[in-house]
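Enquirer: Before I ask anything, let me first share the structure, which is written out below as structure tokens.
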Amino acid sequence: MVVECDNQTVTDIISYSLRKRLEELGWSQHEISRRTGDAHMSVVNCVNGLHTPNAALLWRISKAMGLPIESCFRRPRGRWRRPT
């Protein structure tokens with residue numbers, strides 16, 4: 001189920017940014033795990049917004065995806081949807 005969200009937490013914003021970039025690249029979460037050397041569940045938890053990644057993990061993920069780390073903190077414009 002997908003719901004419209006007006007309140008965005010840092011975890012939500014990071015998750016949205018990572019999911020959007022994964023979609024642009026056509027990559028799976030397994031691919032990010034392979035490229036960063038991090039446990040698959042660590043990546044899954046970050047991408048799905050279950051946990052806020054620490055700085056080191058977010059750095060490795062964003063670098064692997066060619067995504068400037070600061071862009072992970074940009075709020076999406078307009079209405080956005082968060083998976084629940």
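Enquirer: Arg35 to Glu23: extension gain in nm, 0.36 nm per residue of separation minus the Cα-Cα distance?
Expert: Working: separation 12, 0.36 × 12 = 4.32 nm, distance 1.62 nm.
Contour length minus Cα-Cα distance gives 2.7 nm.
Enquirer: A further question follows. Can you give the extra length, in nm with one decimal, that the chain gains between Gln8 and Arg75 once fully stretched, where that is 0.36 nm per residue apart less the Cα-Cα distance? Don't skip to the answer; put the middle values down first.
Expert: Details: separation 67, 0.36 × 67 = 24.12 nm, distance 0.79 nm.
Between Gln8 and Arg75, full extension yields an extra 23.3 nm.
Enquirer: How large is ³J(HN,Hα) for each residue in segment 45-50, as worked out from phi by the Karplus curve 6.51 cos²θ - 1.76 cosθ + 1.60 (θ = phi - 60°), to whole Hz, x for Gly and Pro?
Expert: 4, 6, 5, 8, x, 7
Read-outs throughout are calculated quantities, based only on the coordinates presented, and are distinct from any laboratory measurement. This is a predicted model, so every value here is computed, not measured.
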